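A.B. asks: Structure in structure tokens, see below.
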Amino acid sequence: MTKVELQQLSKQFGEVTAVSHVSLTAPDGRITALLGPSGCGKTTILKTIAGLLTPSSGDVLFNGRSILPIPAEKRNAVMVFQNHLLFPYLSVGENVGFGLKMRGVEAAVIRQKVEEHLAMVQLPGLANRRPNELSGGQQQRVALARALIVEPTVLLLDEPLSNLDAHLREEMRQLIRSLQRALNMTTIVVTHDQEEAVLLADQIGLMFDGKLAQVGPPSDFYERPSTRQVASFFGATNFLVGEKRGNVVETAVGSLQIAPNPIADGPVQLTIRPEHVQLVPADGRLPNQLCATVQEAIYAGTHTRLRLILGSDTALTLLTSPSAAKTVGVGTAVHLHLPPDHLWPLP
Amino acid sequence: MPTRLRPYLLLAPTLAVILLLFGGGVLLALMQSVGYLPFLGRTEITLDAYRAILQQAAFSQSFFLTLWVALASTAVSTLLALVCALALRRPFRGHRLITFIFQLNIPIPHLVGAVGILFLFSQSGFLARLANLAGLISQPADFPAIVFDPWAIGIILEYVWKTTCFTGLILLATLQGVGNDLETAAQNLGANRWQRFRYVTLPLLTPSMVSASVLVFAFTFGAFEVPLVLGQRFPSMLPVLAYRSYVDIDLNARPEAMAMNVIITLLIGVLIFLSTCASRTKRCAVNGER
Amino acid sequence: MTRIKQTLQPRTLILAAIVVGVLLPFVPLLLWSVSFRWLYPSVLPESLSLRAWQYVFSPRAEVLSALGYSTLVALLVTALSILIGLPAGRALGLYKFRGKTAVRFLILAPTIVPTLAAAMGIHVLFIRYGLVDNVLGVVLVHLIPVLPYVVLILSGVFANYNPDFEAQAQTLGASAWQRFRHVTLPTIFPALMVAGLFAFIISWSQYILTLLIGGGQVVTLPVLLFSFVSSGDNAITAALSLVFIAPALLFLLATARYLSGNQASLGGFGKL
Ligand SMILES: Nc1ncnc2c1ncn2[C@@H]1O[C@H](COP(=O)(O)OP(=O)(O)OP(=O)(O)O)[C@@H](O)[C@H]1O
Ligand SMILES: [Mg+2]
């Protein structure tokens, strides 16, 4: 039952600022994902929470208490490293029981708990194997069991899926979710993959260059991104420059209606996800109807991606079903509908 | 502990020992060589000792003998070590046993090696007796003088016997660390056996070979025990000469002993500097770098 | 045909030469140690006896006391050099820091500069501070040739060492000592054994440094052996030589498997 708070956390390595003024709350019993491109400071934050690094400034609180004075081995914030780091000279069982041994737990109790936890990660009976006799996915699960066995107050997972192939990823993701639900453990996951973060986490903190760009539930990052950078990171490609006045934005391709929102009037960029742009028959019944020319059609199996040109040089992308795309060849003129609910202004 | 200071703190004990015992020793040798011996009541700085030993014929004879022994031992043992490492590189029947035998003389003290060589190669030694049995010689004097000889063959033999295994094991470890992949790739690109050795294996081994020969050269130049057992009394190897002067009852000889130590140190330093420079420029030329 | 061809392969010849070359000097040592009379030109001793061995192990021969001194000094040097050299090896292998090249050069200098030169220089100080004629002084002076090898071997293993394993253990609750005991130690164990082997045999083999600083009071095996070499009693010299190499061989037997096939342990020598 631990709420983790980062307050104005900063970390410098000599000249390099790895983390800068990050404030974030990881709610009790939930999964929070730290998301961001390589080198943005995710691992640094995780190591700071674990106590492996001392912050240059700022604070880390567990349930409202600063834990900075507590050394890593007493924090019980267990980290699972990116490349699982199983001790090669110990058996699988000894690896899993490592934390209990450090706490001086009796051997018989350790043995029993090891079996329980190996079963929990669906590897029953492998205690006597050597780590190098396991597959990558199995090694990752052993690392997870090794962390869970000490009943951590906070579980810190650094890229838990990055060394696995697509199929194993799915399996491991479900395992993490179900175990986390069952144990109700505050968990912080680091990843650079937005899809993974969305599928895994209750809350996402997106970082660029050591700074937190946006925090919120996964849907926010699709529906209400805070900056163009955030929107782009989540796969948005359509941006229209314009001037906002109330619920209307004047753009180069005409004035567009948008849903009520808290952004101040003035210059904005409108964004709409490709899957929300609709092809419609040419009638005037819907708002925000526009004419466009198909420039390129890219078949992608489950959908077709159309690149369109509006007016002189405004580009838009939309996703449509392959069957619908058959009727619109390259060079055809089409009519588009931009639903006001899905047009989101960025400051 | 501040991370930036950490490496220095970890190094502190070793540096203290090396600086105090070794650095202090070299510095004191230098001071005594220029006549600063306060414990004998002498504090006048003078280069007399250097002048004196450079005028002695014994010193220059010792010097060339030592240089010859060190160069010959290093060259022969490095070459043999290369051959041995290549032969021991891949597994075969009895590989473990032969590798173990090859490692066997790593822990043998040089003193014992010298005794073994003495018993083996002296004019009434084991090999001389075998030669007699084979009818090659009739009396001890017919057997070539290999120990206590002017060319110091006995000393060189002992050094080669010991250091071939030392260098060989270093090369073997390097080869096993690198693996076969690069040579296989070269073979795939059409390199024949000789070309694979010349353009892949040898360049991979060169750094280890240079390091090992530097160690061997420095050791053979400065070692004492083996020449004492297997060397002629005159001219003797430099370290022996220095030690004899040091323990001479004539205290005037002490600065001379120290001067010889300083000269030995400088010579080794210069020769190693030159050889590493040479090997480095050669390596650069091979790689086309500047 | 193929059989003959196979036995005459160059590599077979090289391997045969290795075996003969390494083992040959031991043959006369073994024979002399059990010989009673062995005059030229007999290839084998004319009569055998255990006289040399009996003498070597008799109380008046000082061999047992020399064995004791040698063992005491070598074990102390080994323990002390690893205690001092382990942190240094870690620093050189694991960290980047200013002045690293200079530090490395300094630590390796004693492998290049003859230690006898430094020992003669420092002798006066040892006399002044009462470090001659006793075991402590001998142990200290042995550290000069031993320490560089220990640091070199250990820095080699730390160059391939992943400190995240220690961090992992720490977040699992391991204290500093537990991390050393359960993570660092098992990981570097092979290199530690090799470093111990080198430390032991370098100290074990020292003759002149022991003589200079021990001043005839600390009579280790090599010092004793040398007096017999000069005396010309071949049988006792041979027996004593064999006694002299026995402990080092035992140590090698225990550590041989770490010497080759393991890049980390000797790899440090390749990057001087
Ligand atoms: N010990 C260190 N010393 C110096 N710089 C460091 C250190 N650790 C991290 N950095 C720097 O801090 C920045 C953030 O590193 P961090 O490992 O936290 O990134 P990350 O987001 O985990 O990246 P990745 O996804 O590649 O693992 C990087 O620029 C990195 O180079
Ligand atoms: Mg990372």
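The values are calculated or read from the model by the stated rules, or taken from the named source; none is laboratory data. The model shown is predicted, which means the values in this text are computed figures rather than measured ones. So basically every Cβ, Gly included, is an ideal-geometry build from the backbone, and we count neighbours across all protein chains shown.
A.B. asks: Would you check if C:Leu15 is among the hydrophobic types (A, V, I, L, M, F, W, C), facing another protein chain (nearest Cβ under 9 Å) and more than 24 Å from the chain's Cα centre (by Cα)?
C.D. replies: On the way: among the hydrophobic types (A, V, I, L, M, F, W, C): yes; facing another protein chain (nearest Cβ under 9 Å): yes; more than 24 Å from the chain's Cα centre (by Cα): yes.
Judged against the criteria, C:Leu15 is a match.
A.B. asks: Among the candidates A:Phe81, A:Phe13, single out the residue that is within 29 Å of A:Asn163 (Cβ to Cβ), within 16 Å of ligand 2 (Cβ to nearest atom), in the same structural domain as A:Pro160 (by TED's automatic domain parsing) and touching a helix residue (DSSP H, G or I) at 6+ places or on another chain (Cβ under 6 Å).
C.D. replies: On inspection, the qualifying residue turns out to be A:Phe81.
A.B. asks: Considering B:Val34, B:Val69, which residue is in contact (Cβ under 8 Å) with a residue 40 or more places away in the chain, within 14 Å of chain C (Cβ to nearest Cβ) and under 30 Å from B:Trp151 (Cα atoms)?
C.D. replies: Exactly one residue qualifies, and that residue is B:Val69.
A.B. asks: If you don't mind, another one. If you check A:Pro37, A:Pro27, which single one turns out to be under 30 Å from A:Gly235 (Cα atoms), in the same structural domain as A:Val142 (by TED's automatic domain parsing) and within 16 Å of ligand 2 (Cβ to nearest atom)?
C.D. replies: Exactly one of A:Pro37, A:Pro27 is under 30 Å from A:Gly235 (Cα atoms), in the same structural domain as A:Val142 (by TED's automatic domain parsing) and within 16 Å of ligand 2 (Cβ to nearest atom), namely A:Pro37.
A.B. asks: Now for a different question. Given the criterion over 27 Å from C:Pro148 (Cβ atoms) and assigned to a helix (DSSP H, G or I), identify the matching residue among B:Ala75, B:Ala49, B:Ala16, B:Ala85.
C.D. replies: Testing whether each residue is over 27 Å from C:Pro148 (Cβ atoms) and assigned to a helix (DSSP H, G or I) leaves just B:Ala49.
A.B. asks: On to the next question. Within the range A:166-189, does at least one residue satisfy the condition of being away from chain C (no Cβ under 14 Å) and within 16 Å of ligand 2 (Cβ to nearest atom)?
C.D. replies: Yes: one or more hits.
A.B. asks: Still on this structure, please answer the following. Out of A:Thr187, A:Thr153, which single residue is within 18 Å of the chain's Cα centre (by Cα) and touching a residue at least 12 places away in the same chain (Cβ under 8 Å)? Talk me through it step by step, then tell me what you get.
C.D. replies: Details: A:Thr153 fails: within 18 Å of the chain's Cα centre (by Cα).
Unique residue meeting the criteria: A:Thr187.
A.B. asks: Here's another thing I want to ask about it. Return the residues of the range A:174-184 that are under 18 Å from the mean Cα position of the chain (by Cα) and crowded, with 17+ Cβ neighbours inside 10 Å; say none if nothing qualifies.
C.D. replies: A:Leu175, A:Ile176, A:Gln180
A.B. asks: How many of the residues in the range C:195-214 are more than 15 Å from B:Glu225 (Cβ to Cβ) and at the interface with chain B (Cβ under 10 Å from one of its Cβ atoms)?
C.D. replies: 3
A.B. asks: Please find, among A:Val268, A:Val230, the residue that is touching a Leu at 6+ places or on another chain (Cβ under 7 Å), modelled with pLDDT of 90 or more and part of a helix (DSSP H, G or I).
C.D. replies: None of the other options fit; the residue is A:Val230.
A.B. asks: Return the only residue of B:Ile106, B:Ile170, B:Ile117 being assigned to a loop (DSSP other than H, G, I, E, B) and facing chain C (nearest Cβ under 9 Å). Outline the logic, then answer.
C.D. replies: On the way: B:Ile170 fails: assigned to a loop (DSSP other than H, G, I, E, B); B:Ile117 fails: assigned to a loop (DSSP other than H, G, I, E, B).
The conditions single out B:Ile106.
A.B. asks: Now, a different point. Can you tell me which residue is nearest to the other protein chains (Cβ to nearest Cβ) among those in the range B:241-261 that are part of a helix (DSSP H, G or I) and touching a residue at least 60 places away in the same chain (Cβ under 8 Å)?
C.D. replies: First, pick out the residues of the range B:241-261 that are part of a helix (DSSP H, G or I): B:241-246, B:253-261.
Next, only the ones that are touching a residue at least 60 places away in the same chain (Cβ under 8 Å) stay: B:241, B:254-256, B:258-261.
On the way: B:Leu241: 12, B:Arg254: 9, B:Pro255: 11, B:Glu256: 12, B:Met258: 7, B:Ala259: 11, B:Met260: 8, B:Asn261: 4 Å.
Among those that are part of a helix (DSSP H, G or I) and touching a residue at least 60 places away in the same chain (Cβ under 8 Å), it is B:Asn261.
A.B. asks: Does C:Pro45 meet the test of being over 20 Å from B:Leu11 (Cα atoms), more than 9 Å from chain B (Cβ to nearest Cβ), surrounded by 15 or more Cβ atoms within 10 Å (Cβ to Cβ) and of a type outside the set (Ser, Thr, Tyr)?
C.D. replies: On the way: over 20 Å from B:Leu11 (Cα atoms): yes; more than 9 Å from chain B (Cβ to nearest Cβ): yes; surrounded by 15 or more Cβ atoms within 10 Å (Cβ to Cβ): yes; of a type outside the set (Ser, Thr, Tyr): yes.
Yes: the conditions hold for C:Pro45.
A.B. asks: While we're here: Are any residues in the range C:142-187 more than 14 Å from chain A (Cβ to nearest Cβ) and within 30 Å of A:Ile70 (Cβ to Cβ), and if so, which ones?
C.D. replies: Scanning the range C:142-187 gives a single hit, C:Phe158.
A.B. asks: I've got another one for you. Considering the range A:49-73 alone, what residues qualify as being within 16 Å of ligand 2 (Cβ to nearest atom) and not in a loop (DSSP other than H, G, I, E, B)?
C.D. replies: The answer is A:Ile49, A:Ala50.
A.B. asks: Taking the range A:294-347 on its own, how many of its residues are among the hydroxyl-bearing types (Ser, Thr, Tyr), in contact with a Ser or Thr (Cβ under 8 Å, 6 or more places away or on another chain) and surrounded by fewer than 14 Cβ atoms within 10 Å (Cβ to Cβ)?
C.D. replies: 2
A.B. asks: Could you please tell me which pairs satisfy a Cβ distance under 9 Å, a separation of 6+ or placement on different chains, a first residue in the range A:33-44 that is without any contact (Cβ under 8 Å) to a residue 60 or more places away in the chain, and a second residue that is among the acidic types (Asp, Glu) and more than 10 Å from ligand 2 (Cβ to nearest atom)?
C.D. replies: As it stands, the answer is A:Gly39/A:Asp209, since those pairs meet every condition given.
A.B. asks: Looking at (1) loosely packed, with under 13 Cβ neighbours inside 10 Å; (2) of a type outside the set (A, V, I, L, M); (3) in contact (Cβ under 8 Å) with a residue 40 or more places away in the chain, can you tell me which one C:Trp38 breaks?
C.D. replies: Tallying (1) loosely packed, with under 13 Cβ neighbours inside 10 Å; (2) of a type outside the set (A, V, I, L, M); (3) in contact (Cβ under 8 Å) with a residue 40 or more places away in the chain, C:Trp38 fails exactly one: (1).
A.B. asks: Give the residue that is nearest to the other protein chains (Cβ to nearest Cβ), with candidates limited to residues of the range A:2-48 that are at positive phi and either assigned to a strand (DSSP E or B) or more than 8 Å from ligand 1 (Cβ to nearest atom) (or both).
C.D. replies: Among them, the one singled out is A:Gly29.
A.B. asks: Okay, next question. Collect the residues in the range C:172-202 that are part of a helix (DSSP H, G or I), over 20 Å from C:Leu72 (Cα atoms) and of a type outside the set (A, V, I, L, M, F, W, C), keeping them in residue-number order.
C.D. replies: C:Gln178, C:Arg179, C:Arg181, C:His182, C:Thr184, C:Pro186, C:Thr187, C:Pro190
A.B. asks: Out of the range C:77-93, which residues are more than 8 Å from chain B (Cβ to nearest Cβ) and touching a residue at least 12 places away in the same chain (Cβ under 8 Å)?
C.D. replies: C:Val77, C:Thr78, C:Leu80, C:Ser81, C:Ile82, C:Leu86, C:Gly89, C:Gly93
A.B. asks: Restricting to the range C:106-141, name every residue that is charged (D, E, K, R) and either assigned to a helix (DSSP H, G or I) or within 7 Å of chain B (Cβ to nearest Cβ) (or both). Full working, then the answer.
C.D. replies: Here is the first cut: in the range C:106-141, the residues charged (D, E, K, R) are C:128, C:133.
Once the filter is applied, which keeps residues that are charged (D, E, K, R) and either assigned to a helix (DSSP H, G or I) or within 7 Å of chain B (Cβ to nearest Cβ) (or both), the range C:106-141 yields only C:Arg128.
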